[in-house]
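Below is one structure, written out as structure tokens; comments come after it.
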Amino acid sequence: MGKEFEAMLLEHEAFIRKQHLFFVGSAPLQEDGHVNISPKGYDALRIFSPNEVAYLDLTGSGNETSAHLLENGRITLMFIAVEGPPMILRLYGRGRVVLPGTEEWQALIGSFQMMPGARQIVHVSVETVKTSCGFSVPFFSYEGERNTLKLWADKQGEEGLEAYHQKKNRISMDGLVTPIGLKERP
């Protein structure tokens, strides 16, 4: 059934590239803090090596993963087969946030298709890869991407997005500061 690996195999990478959706899990250190699980869509994930991935993180109403990574670095990415043979694949590792305007952003952003509302890149050093059966995951059919976020971000414009990030993305729901919260305002 389940197997554990120190790095992604070629078949893991091929499986990941076929997925239209993945989930990101993170948690604060505090005992009563909220565990966060976020769905991610679009063509936002890149595999750089068997132990290195990153995704272009788009503007959202919260920024929990970012705060958790700043506090403790722990992150899990989960991919599930909703078509074809069943499988669940998890990438466990240490993550960090790369903000626009930094040298590292400039080095990484060329690997992504820039999208309206891009707020940061989450870079993950993969420590463990686990696969499991996924026998109970139902079948779903992919119909396409939603354009709601892109339309909303375009309507906000650069200044509107910056104001939104300052208002909604500086502090987590548990009161943890995010990298955006540490960033100097323009």
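General observations
- Per-region count, the range 162-186, residues surrounded by 13 or more Cβ atoms within 10 Å (Cβ to Cβ), charged (D, E, K, R) and not in a loop (DSSP other than H, G, I, E, B): 2
- Some residue of the range 41-49 being surrounded by fewer than 12 Cβ atoms within 10 Å (Cβ to Cβ) and of a type in the set (Lys, Arg): no
- Test: residue in the range 7-22 that is over 25 Å from ASP154 (Cβ atoms), small (Gly, Ala, Ser) and surrounded by fewer than 19 Cβ atoms within 10 Å (Cβ to Cβ): yes
- Selection count, the range 110-120, where residues are touching a strand residue (DSSP E or B) at 6+ places or on another chain (Cβ under 7 Å), surrounded by 15 or more Cβ atoms within 10 Å (Cβ to Cβ) and outside any strand (DSSP E or B): 3
Per-residue answers, yes or no, for (1) surrounded by fewer than 17 Cβ atoms within 10 Å (Cβ to Cβ); (2) of a type in the set (D, E, K, R); (3) outside any strand (DSSP E or B):
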{"position": "GLY95", "(1), (2), (3)": "no, no, no"}
{"position": "LEU108", "(1), (2), (3)": "no, no, yes"}
{"position": "VAL122", "(1), (2), (3)": "no, no, no"}
{"position": "ARG146", "(1), (2), (3)": "yes, yes, yes"}
{"position": "GLY157", "(1), (2), (3)": "yes, no, yes"}
{"position": "GLY160", "(1), (2), (3)": "yes, no, yes"}
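All of the numbers you see were taken from the coordinates with simple rules; none came from a lab. These figures come from a predicted structure and were not determined experimentally. Ideal geometry is used to build each Cβ from the backbone, glycine not excepted, and the neighbour counts take in all protein chains shown.
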